[in-house]
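Read through the structure below, which is laid out as structure tokens, and then see the notes.
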Number of protein chains: 4
Amino acid sequence: MTHSIAILGASGYTGAELVRLIATHPSMRIAALSAHSKAGQPMAQAFPHLRHLDLPDLVTIEEIDFSGIDLCFCALPHATSQAVIRDLPKTLKIVDLSADFRLRDPEEYARWYGGAHAALDQQAEAVYGLTEFYREQIRGARLVAGTGCNAATGQFALRPLIAGGLIDLDDIIIDLKTGVSGAGRSLRENLLHAELSEGAHAYGVGGTHRHLAEFDQEFSTIAGREVKVQFTPHLLPANRGILATVYVKGEAKDIHAALMDAYADEPFLQVLPFGQHPSTRHVRGSNFCHIGVSGDRIEGRAIVIAALDNLTKGSSGQALQNANLMLGEEETAGLMLAPVFP
Amino acid sequence: MTHSIAILGASGYTGAELVRLIATHPSMRIAALSAHSKAGQPMAQAFPHLRHLDLPDLVTIEEIDFSGIDLCFCALPHATSQAVIRDLPKTLKIVDLSADFRLRDPEEYARWYGGAHAALDQQAEAVYGLTEFYREQIRGARLVAGTGCNAATGQFALRPLIAGGLIDLDDIIIDLKTGVSGAGRSLRENLLHAELSEGAHAYGVGGTHRHLAEFDQEFSTIAGREVKVQFTPHLLPANRGILATVYVKGEAKDIHAALMDAYADEPFLQVLPFGQHPSTRHVRGSNFCHIGVSGDRIEGRAIVIAALDNLTKGSSGQALQNANLMLGEEETAGLMLAPVFP
Amino acid sequence: MTHSIAILGASGYTGAELVRLIATHPSMRIAALSAHSKAGQPMAQAFPHLRHLDLPDLVTIEEIDFSGIDLCFCALPHATSQAVIRDLPKTLKIVDLSADFRLRDPEEYARWYGGAHAALDQQAEAVYGLTEFYREQIRGARLVAGTGCNAATGQFALRPLIAGGLIDLDDIIIDLKTGVSGAGRSLRENLLHAELSEGAHAYGVGGTHRHLAEFDQEFSTIAGREVKVQFTPHLLPANRGILATVYVKGEAKDIHAALMDAYADEPFLQVLPFGQHPSTRHVRGSNFCHIGVSGDRIEGRAIVIAALDNLTKGSSGQALQNANLMLGEEETAGLMLAPVFP
Amino acid sequence: MTHSIAILGASGYTGAELVRLIATHPSMRIAALSAHSKAGQPMAQAFPHLRHLDLPDLVTIEEIDFSGIDLCFCALPHATSQAVIRDLPKTLKIVDLSADFRLRDPEEYARWYGGAHAALDQQAEAVYGLTEFYREQIRGARLVAGTGCNAATGQFALRPLIAGGLIDLDDIIIDLKTGVSGAGRSLRENLLHAELSEGAHAYGVGGTHRHLAEFDQEFSTIAGREVKVQFTPHLLPANRGILATVYVKGEAKDIHAALMDAYADEPFLQVLPFGQHPSTRHVRGSNFCHIGVSGDRIEGRAIVIAALDNLTKGSSGQALQNANLMLGEEETAGLMLAPVFP
């Protein structure tokens, strides 16, 4: 059986990545693609790399007939997404890739995103989309909230350690390096090639990045007490990839064993042999996450490093993984593409 | 039916690209992988991006039992390849990715490659592997010689124009820009990141690059007279991709029509609307070739620009396309992966 | 004696490059810097790499008192520049970096730039700023029009060949590769890092790029007849650098000799030994232009390759070189900085 | 007065960077350049970007007459350097850029570098070359040991905090990102463009990088007790630049004030306004170091970020700064070049 799929916000990078992945999915068919300023264009004009596919033209959301759609991906900007989803058919299965439905507590949402939520009913029913940890709820969900790409990376490194009581909860540092595409296709001076290539810098220093809200929510839930991490993102001169270097206090061997154990049956989470570490270029274009662990020369400290592709496992690949579950398909369908290296 | 595949020279980039593509091929299984200095290593050590696959370890060629192999890809260095292939079972189907069997005339081989050919019998039976133009011979071939990646790009732009008598045969210029991976994984100072990034330069200027031998052979055959093109390759600070800018004398509209016509049914060759031009980043990681045509302000001149990924359509993708034909599989099997952008 | 300098349009890349160069100039002092949307900002906010310098804040042009200014660089957008320069004091020495005063014929200007010129008096007095060929006029000029960066590169390769009658004037092809910074700091989707890195493409194909107007003007003047070249620019995934590969019909050795002879005393134009070719990374950040010549395997054809840094020798370095002449300073003052490699 | 300079190991990146800087130094003249495998070549062959300079050819060290040399830079590989310097004239002023003379304790040297030191007398007289903190000793020194580039970056961020007793000495984490050129021009697979571009990874994880020995030596000396930091270097896909993100426990405002105070008169160390952070691209090609400080949302924690160019302030620029002091020149001579951006 082939499922009819709509993608809202198809003129951005996560929208295009969804199309790329669905292109070789065995049981999905793209029935509608929406865009805002590019409505009316063929998809091949917005994204010439998808030229070989037989795709519907970009239209406005209003032009889409949702009655024949089995599942809708929303790859819209934050805030826009909640306004749109509120008005979509209440029975439509939705995977949202924005930040709008990630936080369960409306007050936390208001605090981090600077305003009241406009779709509280939908927020209440949304399931957090970190597939490996919310699999069963996702299977039965109507609305799944894709995680932040940085938030996913940090959680893959840390959840089993927190759950296992293996680390000091008051001293967790996530130093994260991310590729450029995570910032989207927006016209900002600091995203120009000449501004970004050939160097690196930190941003959101000091605990201001919004993905912290997800860390707080998830880690505190697991630990049963408040957990606040330090998190500093840096921008890399590369298009894809997140590398999270996580500093914790705990026994490195135990940490490695806990990750090995937790992810033993996970198709996409690969724990490297102890002392080996991942590279973003070895997961590029794929849904895999590689994780490494080392001890430090200072006893009782460990470093956990996780790498994934922000556009795939960090957003659109994760979204497709969730959609597979929601539609009763094999979880890995369309997602076993090998990384592209070099 | 699943075919058992061997890849000789699997520790280089074209070898790894074959593994990447075969990973999602519906009817191929990798049975053996060889390497020279890395023999004994797991493939995941040589190429960590392939870690998720269940692959045989790298072994020497001597350790491979070819009796159960249905088809062997040779991704060995030039000259090495002919010595190895000469001694492989005479009934084994082989797709060679080196330069060793591309030239039909042994004297031309000796002239361009600086020495006598060591496997003249095999050279005599080899079929030139430009799939779209040698499809029927490839289907029945035992040994197929993969084309040069630059040679493929230039031919896709030019063959229908020469065949159609549409251009001046004495005034063809191919100004080509190629990514770094085409030079392989060899340890040369001029391939270091610090030497190559952030700039561009020409090499092999003045008609010395060996892919000229393929242009000479093929274009002269088509034209029924000697055709000699000018060809200047340049190195781009990018890993993948070839962009060939071809300057010809002829009517641009006729040229565009001839390409549209010639490639109308080709799944991988995409001719853009007149006046539009391709980018290497829009074919990256895929088996597609995009081709554009414009006229010039000077009447009677035209520019044809072709883009492909040197590791995919330029070598390993082409090799797999040929292998599909040789094994009676669908030509496009395993090759419809969409390009990875950004 | 120290000259007081104003830079209009200092928030763009050519403006910043002027500041960088003047920072170590022995006899210039920056007295005023203008910007449009960034007026009011310290220069260190617009360009943090200039933080160590004691610079005036960015102001609007109206706020500048030109009475104490010895020379003014205009690094404003095309069309804006002519409107501004028309109203500047008529005795103020000006080096303009825009396209507005490059063409001597107002009709040609109107044809290529799509509208009538707004400052015909100034256009009439402007001297074309290709220093090595207009040195004496520049010395006495009040208003010098900086050349196009692509136009400069092509002319360095071709002027002595045309002047010497060494090449076929009806068959000149300039295949040019340029870095990203030439497109300026403007917010355009196709200048984003994610859109530009890791690939290459052509633009302005077929004789539409405006720098052709300069080639036409200059080459026709030298030859004493109409000369029209073919010119195809390509965008490189690098910030700085232009590489022009020029295909001509003529004797390569004679061409090399003519270039050696013409540039023997030029401090910035370096002709390489016959058969050697330049790389953009070897002129990066400097005012040097490297030029190489080879013959082709086809007799009577030659390839000339020129490399320079578009922001330095292609615009701001050239502008400073001209300003030095206009102010009676040593032509090379502030410009002998070695290229930055790697 | 002009000083005669020799550079040993001039075919590597730090050697070339010394030549680049000395090219515009007002009172230095390069009298001799040595290389090993490239001895006999003109410098312009090893480094075409230096083509415009009138430089001596590369020779072996044995061929150099040191009697006329005022100061010698040694840019040789570790271990080689000590063997060479042991045999140089005992009165020759030397700035060594290798790791050989950085550690004062021979046992520490043996422990980190895996063998006994071969020039203990010279080691005993060597002064540690972190100019801003050893200025007076360097002025009178005969042999100065250039610091590690990573070690310099971390120390600029941390020394005043340790000296001022402002941070918890048992909980210091340096997460460092470095460009490729720091690894030198050696032929290693993991330094190829295709292996390094478009991604990032950590190396030397867990306290094994040799620059830790310098941190230990210096920080323990300042603190008057053993101080051991955590230090994880990462490789960036960029040629130049180090960004050190330093996590400490202390009051951010006090830390910022201490750095402002300590570096108030330093020409090359620029402390940014509180809450602003540096980028490697804004110090590229220059001798400046930019430092930023922020507090964290967790009280009592601070993040200090330092950026410099590993080839300039991290090695060759520092070396020249030291040489200026040793020769009685202005400390900043030849070093006020502005960063090259973009």
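Only the coordinates and a few stated rules stand behind these numbers; no lab work does. Quick caveat, the model's predicted, so the values are computed rather than measured. So basically every Cβ, Gly included, is an ideal-geometry build from the backbone, and we count neighbours across all protein chains shown.
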Using a Gaussian network model of chain A whose springs link C-alpha atoms within less than 10 Å, name the residue from A:THR221, A:THR178, A:THR147 with the highest mean-square fluctuation. A:THR221
Across A:173-182, the residue-averaged tally of Cβ atoms belonging to other chains within 10 Å stands at 5
Here region D:73-182 gives, from Cα atoms, an Rg and Dmax in Å of 15.1, 45
So the pair-distance distribution of chain A, from every Cα-Cα distance in 10 Å bins, comes to percents of 6, 26, 36, 24, 8, 1, 0
Whole-number percent relative contact order across region D:238-342, with pairs defined as alpha carbons under 8 Å at least 6 apart: 32 percent
For C:ILE94, enumerate residues with amide H under 5 Å from its amide H, sequence gap 5+ or separate chain, H modeled in the peptide plane. C:CYS72, C:LEU143, C:VAL144
Length-normalised contact order of chain B in % [C-alpha pairs under 8 Å, at least 6 apart]: 17 percent
Given the C-alpha centroids of region A:152-185 and region A:306-328, what is the distance between them in whole angstrom? 17 Å
Taking each residue of D:246-254 in turn, how many C-beta atoms of other protein chains fall within 10 Å of its C-beta, and what is the average? 1
Using DSSP to define loop residues, name the trypsin sites (Lys or Arg not before Pro) in region B:1-98 whose beta-carbon has at most 16 other beta-carbon atoms within 10 Å. B:LYS90
Of the listed pairs A:LYS177/D:LYS177; B:LYS177/B:LYS253; B:LYS249/C:LYS228; B:LYS38/B:LYS313; C:LYS177/C:LYS313; B:LYS249/C:LYS249, which have alpha-carbon separations greater than 21 Å here? B:LYS177/B:LYS253; B:LYS38/B:LYS313
Give the percent of DSSP beta bridges with both residues in chain D that are antiparallel, rounded to the nearest 5. 45 percent
Run through the other copies and list how far each one's label point is from that of A:THR332, in nm with one decimal, shortest first; the point sits 7 Å from Cα along Cα-Cβ. 2.5, 6.2, 6.6
What do you get for trypsin sites (Lys or Arg not before Pro) in region A:214-248 restricted to DSSP loop and a cutoff of at most 14 other Cβ within 10 Å of the site's Cβ? A:ARG225
What FRET efficiency do you get for B:SER67 and B:ALA124 if R0 is 35 Å and r is their Cβ-Cβ distance, rounded to the nearest 0.05? 0.90
When only C-alpha pairs under 8 Å and at least 6 residues apart count, what is the relative contact order of region B:150-310, in percent? 30 percent
I want the antiparallel fraction of DSSP beta bridges within region A:150-310, as a percent rounded to 5. 70 percent
Semi-axes of the equivalent ellipsoid of the protein assembly as shown: what are they in whole Å, largest first, if each equals the square root of 5 times a C-alpha gyration tensor eigenvalue? 44, 43, 34
Suppose we look only past 22 Å in the calculated P(r) of region A:150-310. What percent of the Cα-Cα pairs does that tail hold? 41 percent
Taking the alpha-carbon centre of each part, the distance from region C:238-289 to region D:281-299 in Å is 39 Å
Inverse mean reciprocal Cα-Cα distance (Kirkwood Rh) of region A:121-170, Å: 12.1 Å
Need the C-alpha centroid separation for region C:27-92 versus region C:214-231, integer Å. 34 Å
Exposed GluC sites (Glu not before Pro) absent: longest stretch of chain C, with sites in DSSP loops and at most 10 other Cβ within 10 Å deemed exposed: C:1-225
D (µm²/s, integer) via Stokes-Einstein for region C:1-106, Kirkwood Rh across alpha-carbon pairs, 25 °C, 0.890 mPa s: value 176 µm²/s
In Hz, Karplus ³J(HN,Hα) per residue of region B:39-51 (6.51, -1.76, 1.60; θ = phi - 60°; x = Gly, Pro): 4, x, 7, x, 4, 5, 7, 5, 9, x, 6, 9, 4
Helix check for chain C. Which DSSP H runs span at least 24 Å along their own axis by Cα, with a mean Kyte-Doolittle hydropathy no less than -1.0? none
Using DSSP to define loop residues, name the trypsin sites (Lys or Arg not before Pro) in region D:114-189 whose beta-carbon has at most 16 other beta-carbon atoms within 10 Å. D:ARG142, D:ARG188
Taking amide H positions as placed in the peptide plane 1.01 Å from N, state which residues far from C:LEU311 in sequence (5 or more) or on other chains have amide H under 5 Å from it. C:GLY241
Most fluctuating residue given options B:ILE174, B:ILE94, B:ILE222, as computed from a GNM of chain B linking Cα atoms under 10 Å: B:ILE222
What residue in chain B has the Cβ closest to the axis turning B into A, and how close is it in whole Å? B:VAL340, 3
In nm, give the distance between the simple-model label positions of D:GLU299 and C:MET260, each being 7 Å from the Cα along the Cα-to-Cβ direction. 7.8 nm
So if each residue of separation counts as 0.36 nm, and I subtract the Cα-Cα distance between A:GLU107 and A:LYS90, what length gain in nm does that give? 3.7 nm
Average beta-carbon neighbours from other chains, 10 Å sphere, peptide D:38-50: 3
Counting DSSP beta bridges with both partners in the protein assembly as shown, what percentage is antiparallel, nearest 5? 45 percent
